[in-house]
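Okay, structure first, notes after.
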Amino acid sequence: MTANDTPSGKQPTATYDSAFLKACRREPVPHTPVWFMRQAGRSLPEYRKVREGIPMLESCMRPELVTEITLQPVRRHDVDAAIYFSDIVVPLKAIGLDLDIKPGVGPVVEQPIRTRADLARLRDLTPEDVTYVTEAIGLLTPELGATPLIGFAGAPFTLASYLVEGGPSRTYENAKAMMYGDPELWADLLDRLADITAAFLKVQIEAGASAVQLFDSWVGALAPADYRKSVMPASAKVFEAVSGYGVPRIHFGVGTGELLRLMGEAGADVVGVDWRVPLDEAVRRVGPGKALQGNLDPTVLFTDKDTVEVRAHEVLDAAAGLEGHVFNLGHGVLPHTDPDALTRLVEYVHTHSAR
């Protein structure tokens, strides 16, 4: 049984009636639920303290540390959901790829994937590869109680962009060249990454995650026609692979205003919206039958309290007609954000959206 099941004759699990899961299911909520991407991270002094001297990937493989970091923003901010502390390249590291997360740079791949022969390095992911994930979630869910845990993974396109480029990129010239110039290799690469991603999400759901989010951080670099043809099939495969668990599936990307409908069509129950598109416009683009998540500009939190409240109120107003809305930022919490600003924002949204 997963954290979102309500089997006949049994009481719902603790998280089922949470505001977050109700909003994801487009059901009435007592207040608009709030959580933040990257809420467990560098903006918190307690995070920096426990991570001191521990490399990022190593910290993702220590269950007690993952548990503590995941819980920190729940304790501090009273958010409506926790996000599992990890990194999108963790499953790639788990299957043996030589990569690291370099401070100030990001994921760096020692030998980029550029040829068909390179695909052999992308073996299947098994639960035994990531036992630390199962252990960490086993520690987390009793601590969280009625607060849902969101599992997450990187989407095939974003993972492929790192693997083909060898690290972060602004132009994605190698990845897009493969997509345009060798579409069969590209399709096989994304299909293999879809299997790895789906396996990683299944481990999290089976361990107790109540929802999952697929981060396609860099897919906004694509035109809609290219997304539909060359990316959407792999993302859809991931969502379909976990559909039987009955947990909400969230899809998020940056700069994806032109892709919102397609991202929903890929299989998401909730479509994440960055700050560039107002939510009332986003719902028109996405179409009916989907909840939306978003979408305060993260930089607003660097202003004064009154400005934050005005801008948060604008987001709530734009979401007033939505079937389901989860309040979030339009991207992740920035490292130098004042944690108290986040705490105040949660309280403001809860108070001013109370039904």
**Study point:** Qualifying positions in the stretch 208-253 - closer than 22 Å to residue 167 by Cβ, in a strand (DSSP E or B) and in contact with a helix residue (DSSP H, G or I) (Cβ under 7 Å, 6 or more places away or on another chain)
**Key:** 214, 215, 216, 253
Review point. Under 27 Å from residue 62 (Cβ atoms), touching a His at 6+ places or on another chain (Cβ under 8 Å) and open to solvent by less than 10 Å² (accessible area, probe 1.4 Å): does that describe residue 204?
Key: no
Review point. Which of the residues spanning the stretch 29-67 are modelled with pLDDT of 95 or more, aliphatic (A, V, I, L, M) and part of a loop (DSSP other than H, G, I, E, B)?
Key: 29, 37, 44, 54, 61
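When you go through 105, 164, 130 one by one, which is the residue that is over 16 Å from residue 41 (Cβ atoms), aliphatic (A, V, I, L, M), over 18 Å from the mean Cα position of the chain (by Cα) and open to solvent by 50 Å² or more (accessible area, probe 1.4 Å)?
105
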Practice item. Evaluate the following for residue 274: is it of a type in the set (Asp, Glu), assigned to a loop (DSSP other than H, G, I, E, B) and free of Cβ contacts under 8 Å to residues at least 60 places away in the same chain? Key: yes
Review point. Going through the stretch 269-301 one residue at a time, which ones are open to solvent by less than 10 Å² (accessible area, probe 1.4 Å) and of a type in the set (Asp, Glu)?
Key: 274
Exercise for review: Go through the stretch 209-248 and give me each residue that's more than 25 Å from residue 172 (Cα to Cα) and touching a residue at least 12 places away in the same chain (Cβ under 8 Å).
Suggested key: 209, 210, 211, 212, 240, 241, 242, 243, 245, 246, 247, 248
Point to revise | Residue selected from the stretch 302-345 under the condition within 20 Å of residue 85 (Cα to Cα) and in a helix (DSSP H, G or I), by the criterion most open to solvent (accessible area, probe 1.4 Å) | key: 343
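The values are calculated or read from the model by the stated rules, or taken from the named source; none is laboratory data. Keep in mind that what you see is a predicted model, and the values were worked out from it rather than measured. Cβ atoms come from the backbone with ideal geometry, glycine included; neighbour counts cover every protein chain shown. Areas reflect the complete protein model, heavy atoms only, side chains present, ligands, DNA and RNA absent. Shrake-Rupley method; radii C 1.70, N 1.55, O 1.52, S 1.80 Å.
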